[in-house]
Every structure is written in structure tokens, then in C-alpha cells.
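This report concerns only the one structure given below.
The values are calculated or read from the model by the stated rules, or taken from the named source; none is laboratory data. This structure is a prediction, so every number in the text was calculated from the model and none was measured. Glycine gets a Cβ as well: all are built from the backbone with ideal geometry, and neighbour counts include every protein chain shown. Keep in mind that these areas ignore ligands, DNA and RNA; they rest on the heavy atoms of the full protein, side chains included. Shrake-Rupley method; radii C 1.70, N 1.55, O 1.52, S 1.80 Å.
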Amino acid sequence: MFTRAAVFRDIGAPLTVETITLDPPRASELLVKIEAVGLCRTDLHVMRGERRVAMTPMVLGHEAAGIVEAVGAEVRGITPGDHVVLTFIPGCGHCRWCSKGLHHLCAEGPRITQGPQLDGSYRRRDRDGRDTGAFCMIGGFAERTVVDQASVVVIDKDVPFDLAALVACGVPAGIGAARYRARVKAGDSVLVVGCGGDGMNVVQGARLCGAATIIAADLVDAKLAWARDFGATHTVNARGEALTRAVLDLTGGIGVDHAFVCIDPPATLLPAFRATQKAGNVVVTAITPDNVKQIDIPPLELFAAQKAVMGAVYGFASPRLQIPELLGLYREGGIKLRELITRTYTLDEINLGYADLDAGRVLRGMVVLD
Ligand code: CXF
Ligand code: ZN
């Protein structure tokens with residue numbers, strides 16, 4: 001069949017919305033009609049060449065929800081008509097990590113920027129007949145996609161698709177980082193550097209955990225105002241040493257229990273590290289450009305202050321656990337989802353959506369398909 005898709009062809013160029021060929025699902029795969037797909041900054045890093053993918057052309061998009069239209073013969077527990085969220089790391093189900101329920105650490109994870117399906121072959125071709133990849137084995141910037149069942153979580157049918165898409169990336173990444181990586185406790189103090197899709201969810205995750213002090217830092221005042229709505233108790237518009245000083249001032253000179261680096265790790269890591277108290281946690285949720293080869297922390301400071309520096313992908317917990325859990329929390333009024341979406345776009349407007357993200361005009365842009 002044919003489907004329209006936003007295709008990444010050249011670094012620095014806009015995505016091109018094209019009609020491509022999509023082959024039917026193989027035995028362990030499904031055909032999914034995409035209903036909504038979020039505009040995450042990771043895809044922007046790819047478009048700019050800051051994060052290399054292994055091939056072009058490639059359909060980007062990894063924060064997607066939709067309806068199953070067809071399933072392969074070996075698919076279990078998913079049927080046509082099911083509503084699904086797609087996961088940007090597959091859960092193969094049998095590797096060392098998946099067998100412990102740690103699907104965010106699936107052994108197949110390192111292959112998600114390569115382009116092919118989980119089984120190593122291609123389902124998409126462009127108009128010239130060239131194999132076309134699917135970012136994160138999803139290729140969500142499209143009307144339809146074919147994915148392995150390892151990339152699918154079934155959700156309740158009453159969840160709006162735009163909200164379902166949110167729990168595919170930014171929401172679990174942020175809320176999970178607070179709950180499952182740092183394990184923020186009631187009364188703790190927290191710094192969140194970068195209040196975008198991940199950071200805003202760290203703010204609401206910290207609130208959910210009962211943090212007493214939540215300091216939101218960003219260079220865009222509108223995001224700081226939004227952060228207050230999501231639970232920030234203090235806001236700081238500063239970077240570098242000024243950021244560290246401001247946080248120390250707000251915490252009686254000792255620093256926060258937990259700092260989260262949700263944007264620009266090379267520039268923000270050391271200021272966040274120095275704004276963290278002794279024995280505190282520094283959690284990196286943001287992706288780092290390929291050309292950054294090392295982190296900037298003096299080893300003696302790390303040792304003497306006995307801090308922990310840690311990474312968190314997918315909020316350090318399985319999307320199979322978190323997706324239903326987060327939708328349940330939303331239903332109970334425990335977290336905000338609707339307020340994360342600043343603007344919606346058609347597939348043809350996708351480059352406008354990314355321009356808005358880049359300019360700091362949106363918290364989350366959402367492509368809504370017909
Ligand atoms: C990313 C994490 C690193 C690989 C690509 C997807 N996740 C979300 O933005
Ligand atoms: Zn993402």
C-alpha cells in the first residue's frame with residue numbers, strides 16, 4: 001500500500017512529506033494507522049545531524065499512538081481495532097533485560113537508530129524504490145506504519161490519541177526519571193534544568209513524589225511560567241555559574257537533593273552538578289550530541305562530595321509498566337497531560353511544528369492525522 005510520510009533525507013534540510021510504499025506486516029508485525037504523533041526534540045537533533053542515524057531516507061517520529069488495522073500470523077494479544085501506543089525501544093521479551101521486565105534496557109535498543117525493522121529488513125520504499133528506514137523501528141511521522149509487536153502497548157479505547165502519544169516518550173521520560181531513577185522522596189528538593197517535554201514532566205513527577213522544593217530553570221520565561229502550573233515552587237532564568245549560585249541561594253547554600261539535566265548536557269551538567277548537595281543525585285535525561293565525547297566533572301568533586309551521576313532513558317522503567325500506569329494517574333487527576341500540548345499540526349505542517357519547538361514557542365507540538 002501507499003502512505004504519506006515525513007521523510008528525513010538530508011542533514012539540515014526540512015522533512016519532506018512524500019507518498020511512500022509500505023509493505024504488509026510480516027508474521028510478528030502489525031499495520032497501525034497513526035492518529036497522533038508528538039514532536040520530540042530528539043528528531044530535531046537527528047534532522048540537524050547532532051545525532052546521527054545510520055541511513056537515509058528515514059521516516060522519523062517516535063511518540064505515536066494509533067489503531068491496529070492488521071496483524072501478522074504470530075502476533076499474540078493484539079487484534080485489529082485495538083488502540084495502541086508505540087514504544088521507541090522495542091521489548092524483545094527474551095533478552096537478559098526484558099526477561100527481568102526491564103524493557104527500557106532491551107538488548108535491541110542500540111539498533112533503533114539504524115533504520116530497519118526489528119527483523120533487520122525494510123517495509124518502506126521511496127518513489128525511487130530505495131529502502132527507507134523507520135526511526136526507532138516506528139517511523140511515526142506517517143499516516144500508517146508497520147511495527148513489530150515488540151514495539152506495541154495496547155491501551156484503553158477511551159484514551160484520546162493525542163494524550164496517548166504523550167505517554168510514548170516525554171511523559172515517561174520525565175516522570176520516570178523522578179520516580180524510578182532518582183527516587184525522589186516526600187520533602188526532597190529538586191532542580192530541573194530545561195523545562196521542555198522531558199523537564200516539564202520531571203517537574204510534575206517530582207510533585208507527584210512529594211518534593212517540597214522544585215526549582216525549574218530555563219532560558220525561556222514562558223516555560224518557567226508553565227513550570228509553575230506543573231508544580232515548580234521556584235523558577236530561575238539563568239545558566240552556568242549564575243544558575244548554580246541561584247540554586248545554592250534557594251537551598252540555604254547546600255544545594256538540591258536531586259538535579260535533572262533535561263537540556264544541553266555539555267553546558268548544563270557541571271552547573272547542575274555543583275547545585276546538588278553532598279550525596280545527591282544528578283540525573284541526565286537529555287540526549288547528547290554525537291560530537292560531545294566526555295562529561296565535564298572534576299573527579300575530585302565527584303569523589304569528595306560523594307554524588308551519583310546517572311542516566312535515565314524512558315524514565316528508567318519499562319514502558320509496558322509506565323504507559324498504563326501514567327494513563328491511570330491521568331484518569332485519577334494525578335498528572336496533567338492535556339496542558340502539555342501547546343499546538344497541533346497536520347502532517348504537512350510538521351516543519352512549522354519543529355520551527356515552533358526550536359523557537360521555544362511550544363511545550364509539545366502534536367501532529368494529529370485525519
Ligand atoms: C530517544 C533516546 C535515544 C535514542 C532515540 C530516542 N528517546 C526519546 O526521545
Ligand atoms: Zn522522544
Check your understanding: Under the definition of Cα pairs under 8 Å and six or more residues apart, what whole-number percent is the relative contact order of the range 171-313?
Key -> 22
**Study point:** Neighbourhood charge, 10 Å Cβ-Cβ cut-off, centred on GLY81 and excluding it, Lys, Arg +1 and Asp, Glu -1
**Key:** -1
Revision key, fill the gap. CD proxy, 222 nm, the chain: helix-only mean residue ellipticity via -39,500 (n - 2.57) per DSSP H run with n ≥ 4, per residue, nearest 500, stands at -7000 deg cm²/dmol
Practice item. Decide, for the chain, between rounded, prolate and oblate: order the square roots of the alpha carbon gyration tensor eigenvalues as a ≥ b ≥ c, take rounded if a/c falls under 1.5, and otherwise choose prolate if a/b is larger than b/c, else oblate. Key: prolate
Exercise for review: Please check which bits of the range 91-129 a label hung off ARG76 would reach, taking the label as a point 7 Å along Cα-to-C-beta and the cut-off as backbone N under 14 Å.
Suggested key: 92-95, 99
Exercise for review: Just read off the accessible area of ILE11 with the full protein assembly in place, 1.4 Å probe, to the nearest 10 Å².
Suggested key: 90
Revision key, fill the gap. Of every hundred units of 1.4 Å-probe accessible area on the range 120-203, the number belonging to carbon and sulfur atoms, as a percent, is 42
Check your understanding: Hey, got the dipole for the range 294-360? About the Cα centre, +1 on K and R Cβ, -1 on D and E Cβ, debye to the nearest 20?
Key -> 340
Point to revise | 0 to 90° range, to nearest 10: angle between helix 240-250 axis and the chain longest Cα axis | key: 60
Study note, to complete from the structure: If one compares the long axis through the Cα atoms of helix 265-274 with the longest principal axis of the Cα atoms of the chain, the angle in degrees, nearest 10, works out at 30
Practice item. Would you mind checking the tilt of helix 197-208 against the longest principal axis of the Cα atoms of the chain, expressed as 0 to 90 degrees and rounded to 10? Key: 60
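Could you compute the net charge surrounding ARG361? Neighbours are other residues with a C-beta less than 14 Å from the C-beta of ARG361; K and R count +1, D and E count -1. Let's see the in-between values first.
Values: positive: ARG41, LYS223, ARG343, ARG364; negative: ASP218, ASP221, GLU349, ASP356, ASP358.
Taking every Cβ under 14 Å from that of ARG361, the sum is -1.
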Check your understanding: Just by accessible area at a 1.4 angstrom probe, what is the order of THR344, THR56 from largest to smallest?
Key -> THR344, THR56
Review point. So which lysines pass the test for LYS223, namely a Cα distance under 17 Å, with those fewer than 8 places away in the same chain ruled out?
Key: LYS336
Revision key, fill the gap. Taking r as the C-beta separation of ALA355 and THR56 and R0 as 25 Å, the FRET efficiency to the nearest 0.05 is 0.75
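Looking at the square roots a ≥ b ≥ c of the eigenvalues of the Cα gyration tensor of the range 290-370, which shape do they give, rounded for a/c under 1.5, prolate if a/b is larger than b/c, or oblate?
Because a/c hits 1.5 or more and a/b fails to exceed b/c, the range 290-370 counts as oblate.
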Revision key, fill the gap. Quick tally, 1.4 Å probe accessible area for HIS234, HIS45, sorted with the most first, runs HIS234, HIS45
Revision key, fill the gap. Counting only protein heavy atoms and leaving out ligands, DNA and RNA, the solvent-accessible surface of LYS157 at a 1.4 Å probe, in Å² to the nearest 10, equals 130
Practice item. Sort the range 53-132 into rounded, prolate or oblate with this rule: let a ≥ b ≥ c be the square roots of the eigenvalues of the Cα gyration tensor; rounded if a/c is under 1.5, and if a/c is not under 1.5, prolate when a/b is larger than b/c, oblate otherwise. Key: oblate
Point to revise | Residue-level accessible surface for ILE214, protein heavy atoms, 1.4 Å, Å² | key: 0
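Considering only DSSP beta bridges whose two residues both sit in the chain, what percent are antiparallel, to the nearest 5?
Given both bridge residues lie in the chain, the antiparallel proportion sits at roughly 55 percent.
Compare ARG26, ARG76 by solvent-accessible area with a 1.4 Å probe and give them largest first, with all protein chains kept in place.
ARG76, ARG26
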